[in-house]
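Read through the structure below, which is laid out as structure tokens, and then see the notes.
The values are calculated or read from the model by the stated rules, or taken from the named source; none is laboratory data. Only a predicted model underlies this, so the values are computations on that prediction, with no experimental measurement involved. Virtual Cβ from ideal backbone geometry, glycine too; neighbours counted across all protein chains shown. To get the accessible areas, we keep the full protein, side chains included, count just its heavy atoms, and leave off ligands, DNA and RNA. Shrake-Rupley method; radii C 1.70, N 1.55, O 1.52, S 1.80 Å.
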Amino acid sequence: MNTKRWRLFLTVLVMLTFISKALGMASRPPEGMGATRSVDLSGNVFQFAMPEDFSRDMPADDLVERLDISDPSIFSDPDKGTLIRRWWDIKEPGFFGKKLGTVMMNISVRKVPDNTQHLLGSEPYDVTDRLSFMLMLTEDAQLKHPKNQYTVAPSPERDPFSYYVPDFVTMVGNKLHPSFRDESYGGQVWTRYGVSAPESVLITNYALPVTLNLFLEVSFYYSNNHNVVARYFRETARSKMHPILSTFRILYADHNPIKNIVEHDWHSETTQEVVDRHKPQLILKLFGEEAYRDVYLEAPTSSER
């Protein structure tokens, strides 16, 4: 290659590197992962990678690489918002490792539901507000699993064919504990929560708003075999699934207000801190006047303790 061509090659290489950085293209996936996938959601590009040793026993549709989220008809059927669904067989280490169970990953775009529960007010859910976003996820989970027992804790008498959707918060003593956790991937704050499903299946969901009316949800369904301890299976399975999470990132469209929310505002406060900031209101609205009085009106003074 002569000097002129070599200089031209270097110039093109530098330009491509600059363009890739400017567009926020994903870095190389972690070891053991396949190529980075991209899904165009009307200008908002979701990127992720995953292991490619999929289960041979389960169906695998092609990835939806482009979805017009401005078309309301795609949400008439929940499956129309599904971008990908994949299964993995989880085995113990080693060539002859025992099969422990399976994990299904489902990635979908979901419409923000109407606020029908009015837990803290009748206003529509605001996905830019962390508290409202968690309330919305609670109602959405209950809508997805209509045959659930979310008002009582799991017990031996619980219907084994029902789902258990946790309450938005639980109260222990005078403290509130949210059913949600914050997870940071790609510099963006995702919201994680779990649902117990029939046959000891555990569903772990990760949600991030895409627009003011839509959110992205990645769900992992952990299903252990009957002769396998659930905790051992889940620990083994999560070690395989966790690298997928580290590849998550949405490249938001220009002027999308959600970008600043999830990349900056939500980093300043955890889900627990959000709940603590609204604690008086939450106790009064969700647990009643008696609980509110016990915590705020009848608490002993320092001299009485």
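Would any residue of segment 58-89 have its amide N under 20 Å from a label point 7 Å out along Cα→Cβ of Thr128? List them or say none.
Only 70 fall inside the zone, counting backbone N under 20 Å.
Please work out the C-alpha center-to-center distance from segment 77-125 to segment 274-299 and express it in whole Å.
33
Determine the shape class of segment 185-305: with a ≥ b ≥ c the square roots of the Cα gyration tensor eigenvalues, call it rounded for a/c under 1.5, and otherwise prolate if a/b is greater than b/c, oblate otherwise.
Oblate shape, in that a/c is at least 1.5 and b/c is the bigger or equal ratio.
What's the whole-number percent of alpha carbon pairs in segment 237-291 lying beyond 16 angstrom?
Within segment 237-291, distances greater than 16 Å cover 67 percent of Cα pairs.
To the nearest 0.05, what FRET efficiency results for Glu52 and Asn225 with a Förster distance of 25 Å applied to their C-beta separation?
0.65
What shape does segment 43-151 have by the C-alpha gyration tensor, where a ≥ b ≥ c are the square roots of the eigenvalues, rounded means a/c under 1.5, and otherwise prolate means a/b greater than b/c and oblate the rest?
Prolate, since a/c reaches 1.5 and a/b exceeds b/c.
Quote the FRET efficiency, to the nearest 0.05, computed for His255 versus Asp68 with a Förster distance R0 of 30 Å and r equal to the Cβ-Cβ distance.
Rounded to the nearest 0.05, the efficiency is 0.95.
By average Cβ neighbour count within 10 Å, what is the ranking of 168-175, 79-86 from highest down?
79-86, 168-175
In terms of the Cα gyration tensor, with a ≥ b ≥ c the square roots of its eigenvalues, is segment 194-251 rounded because a/c is under 1.5, prolate because a/b exceeds b/c, or oblate?
Note, shape of segment 194-251 comes out oblate.
Accessible area of segment 53-93 with a 1.4 Å probe: how many percent of it is carbon plus sulfur?
45
For segment 167-305, with every protein chain kept in place, what is the accessible area per residue (1.4 Å probe, Å²)?
51
With r defined as the distance between the Cβ atoms of Arg181 and Ser246 and R0 fixed at 22 Å, what FRET efficiency is calculated, to the nearest 0.05?
0.85
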